[in-house]
1. Touching a strand residue (DSSP E or B) at 6+ places or on another chain (Cβ under 9 Å), at pLDDT below 95 and over 26 Å from residue 141 (Cα atoms): is that true of residue 64 in this structure?
2. Please find, among 22, 34, 9, 61, the residue that is more than 22 Å from residue 107 (Cβ to Cβ), surrounded by 14 or more Cβ atoms within 10 Å (Cβ to Cβ) and either more than 12 Å from the chain's Cα centre (by Cα) or in contact (Cβ under 8 Å) with a residue 40 or more places away in the chain (or both).
3. Looking at the range 37-55, which of the residues that are touching a helix residue (DSSP H, G or I) at 6+ places or on another chain (Cβ under 8 Å) and not in a loop (DSSP other than H, G, I, E, B) is surrounded by the most Cβ atoms within 10 Å (Cβ to Cβ)?
4. Conditions first: (1) modelled with pLDDT under 95; (2) in a strand (DSSP E or B). Residue 106 passes all but one, so which condition is the exception?
5. Got a number for residues in the range 68-81 being loosely packed, with under 13 Cβ neighbours inside 10 Å and either at positive phi or under 14 Å from the mean Cα position of the chain (by Cα) (or both)?
6. Applying the selection to the range 82-101, what residues are surrounded by 15 or more Cβ atoms within 10 Å (Cβ to Cβ), modelled with pLDDT of 95 or more and either part of a loop (DSSP other than H, G, I, E, B) or over 13 Å from the mean Cα position of the chain (by Cα) (or both)?
7. Could you list, in sequence order, the residues of the range 112-142 that are on the phi > 0 side of the Ramachandran plot and surrounded by fewer than 12 Cβ atoms within 10 Å (Cβ to Cβ)?
């Protein structure tokens, strides 16, 4: 049995400021809609460092002490595994500045639930809000949260 496989590593971070949460309205035609900012992990980069870098690139904010809260996994069009490490940050500095990824907005949790979200992002949200959950998997017809 093969013990290695091709994997894409990414991250996403929910940035909280009191009762507001930063959302990104993605313009990417592959996965448009509201989500949290994040991006790819570079070769030999620590997951922690990657989320700090990606948030700075996409929002202009420098987050401190991001906390890993869960992971999402699915399989891409080549049937390769795709992992998204979910983080939460409540401390940050800097000035908010949108990037080519899309516009940024502060919203309440209730506003987010009513908004047009990126495909299947509504299934990711429980991982960010429920400490008892830590994993979301999509595989064919399987769409489960643990």
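The values are calculated or read from the model by the stated rules, or taken from the named source; none is laboratory data. Everything numeric here is computed off the predicted structure, so don't read it as measured data. Ideal geometry is used to build each Cβ from the backbone, glycine not excepted, and the neighbour counts take in all protein chains shown.
1. Values: touching a strand residue (DSSP E or B) at 6+ places or on another chain (Cβ under 9 Å): yes; at pLDDT below 95: no; over 26 Å from residue 141 (Cα atoms): yes.
Judged against the criteria, residue 64 is not a match.
2. Values: 22 fails: more than 22 Å from residue 107 (Cβ to Cβ); 34 fails: more than 22 Å from residue 107 (Cβ to Cβ); 61 fails: more than 22 Å from residue 107 (Cβ to Cβ).
From the options 22, 34, 9, 61, the qualifying one is 9.
3. Just the residues of the range 37-55 that are touching a helix residue (DSSP H, G or I) at 6+ places or on another chain (Cβ under 8 Å), to begin with: 37-42, 45.
Then keep just the ones that are not in a loop (DSSP other than H, G, I, E, B); that gives 38-40.
Details: 38: 22, 39: 18, 40: 13.
This residue is 38.
4. (1)
5. The initial filter retains those residues of the range 68-81 that are loosely packed, with under 13 Cβ neighbours inside 10 Å, namely 76-80.
Checking which are either at positive phi or under 14 Å from the mean Cα position of the chain (by Cα) (or both) leaves us with 79.
Qualifying residue count, the range 68-81: 1.
6. Listed by number, the list holds a single entry, 92.
7. From the range 112-142, those on the phi > 0 side of the Ramachandran plot are 120, 140; that's our starting set.
The one that is on the phi > 0 side of the Ramachandran plot and surrounded by fewer than 12 Cβ atoms within 10 Å (Cβ to Cβ): 140.
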